[in-house]
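The values are calculated or read from the model by the stated rules, or taken from the named source; none is laboratory data. Just so you know, these numbers come straight off a predicted model, no measurement behind them. Here Cβ is always computed from backbone atoms with ideal geometry, including for glycine, and neighbour counts include all displayed protein chains. Calculation scope for accessible area: heavy atoms of the full protein, side chains included, ligands and nucleic acids excluded. Shrake-Rupley method; radii C 1.70, N 1.55, O 1.52, S 1.80 Å.
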Amino acid sequence: MAGKEQKLTGVQKAAILFITLGPEASASIIKKLPEREIQRITYEIANISGVKNQYKQEVLQEFIEMNKAKDYIVEGGIDYARELLAKALGNQRAKEILEKVAEETEQYRPFAIARKADAHQLLNVIMNEHPQTISLILCYLQADKAAQIMSSLPEEVQNDVAYRIANMSNTSPMVIKEIEKVLNSKLSSVVRSDLTVIGGVKTLVDILNQVDRTTEKNITEGLEKENPELAEKVKESMFVFEDVITLDDAAIQRVLREVDNKDLGMALKGCSEEVAEAIYRNQSKRASAALKEDIEFLGPVRLVDVEKAQQKIVSVIRRLDDAGEIVISRGGEDAIIL
């Protein structure tokens, strides 16, 4: 490796970064690069006999700072990025980072304007587009924003869009750029693309996990009619309130410690006896009796309020699952608590 006084090239930094990250993490990143860049980086890696810890730390720190800067720019623009970086790293360091970002190809995250746009405004722009175009755009949005738009589409369009998202894998950069041009004319901003691999079942599940239950049910039922095998893959990757019965008692008890009693009572209003029993048996006699009284006291309630309460509890379950505190059973596996 070159001496400390020699400035590292971009390829050398990339090689050091991949060495630092290790083979598993590096493989998932490098496979998305252009073939020419892969050849240059792998050649550099092959010719490195060793890397000083100092270089590893410097390259990794620069990588983190540069990516933070790019994310800030995408979310709020140059001024927003400069302000946040200055607060965290000081004015001089913030200036250096932004200058480095400016020297790059400026191929920022695709559809940045769509990510910053209001969901209602964006819906008005794309609702009359072809379902394939809508699907592509939703793949690049935040899950909650994509969910708002998905919920507002006509039912027949929801099914079509959902099916296309789940079956989407690779999209030509030329197609993405063409769609970006349309958004450019309608949203008055230029967006450049640097990603081509999008969509798939996970993207659809992320969106469905954010939509209301009515929309979720409509889409999953539509997928079952169109492609039962695909629908099953989607359902296996999801968790709905009724799936509480698939959790073991220890996991349910962990969830109950995080749930507001008002939400729990509303969520159980009108649910199946099996689900209710799974909750009651994991409470003390006093707590379950009090919960039953609360449910009776509620009287008639709106379906939308019940679904909202159930979604809150599902969010708690998914959060605990992501944190590794419980494990949601998928594909026939038993749920366990760690």
Percentage of interatomic Cα-Cα distances in the stretch 238-337 larger than 15 Å:
59 percent
Quick check: residue separation of LYS225 and ALA287 times 0.36 nm, minus the Cα distance between them. What number comes out in nm?
18.1 nm
Cross-link reach list, aspartates and glutamates versus LYS7, counting only Cα pairs under 20 Å and skipping chain neighbours closer than eight places
GLU37, GLU44, GLU58, GLU62, GLU65, GLU96, GLU99, GLU103, GLU104
Can you pull the one-decimal nm distance between simple spin-label points at ASN261 and ALA86, each 7 Å off the Cα toward Cβ?
5.0 nm
At most 15 other Cβ atoms within 10 Å and a DSSP loop assignment: could you name the GluC sites (Glu not before Pro) in the stretch 260-331 that fit?
GLU325
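Work out the P(r) tail for the stretch 198-237: percent of alpha carbon pairs separated by more than 10 Å, whole number.
Values: 536 of 780 pairs.
Value for the stretch 198-237 (Cα pairs over 10 Å): 69 percent.
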Which peptide among 216-222, 123-129 comes first, and what is the full order, when sorted by highest mean count of other Cβ atoms within 10 Å?
216-222, 123-129
Keeping the other protein chains in place, figure out the carbon and sulfur percent of the accessible area of the stretch 198-237, with a 1.4 Å probe.
42 percent
So for the stretch 238-337, taking the charge dipole from beta-carbon charges (+1 Lys/Arg, -1 Asp/Glu), which of GLY324, ALA309, ILE252 sits furthest toward the positive end?
ALA309
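What trypsin sites (Lys or Arg not before Pro) in the stretch 275-323 are in a loop by DSSP, with at most 15 other Cβ atoms within 10 Å of the Cβ? Before the final figure, lay out the partial values.
Working: sites: ARG281, LYS285, ARG286, LYS292, ARG302, LYS308, LYS312, ARG318, ARG319; in loops: ARG281, ARG302.
Filter output for the stretch 275-323: ARG281, ARG302.
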Using a/c under 1.5 as the rounded threshold, could you call the stretch 110-190 rounded, prolate or oblate? The axes a ≥ b ≥ c are square roots of the C-alpha gyration tensor eigenvalues, and prolate needs a/b larger than b/c, oblate otherwise.
oblate
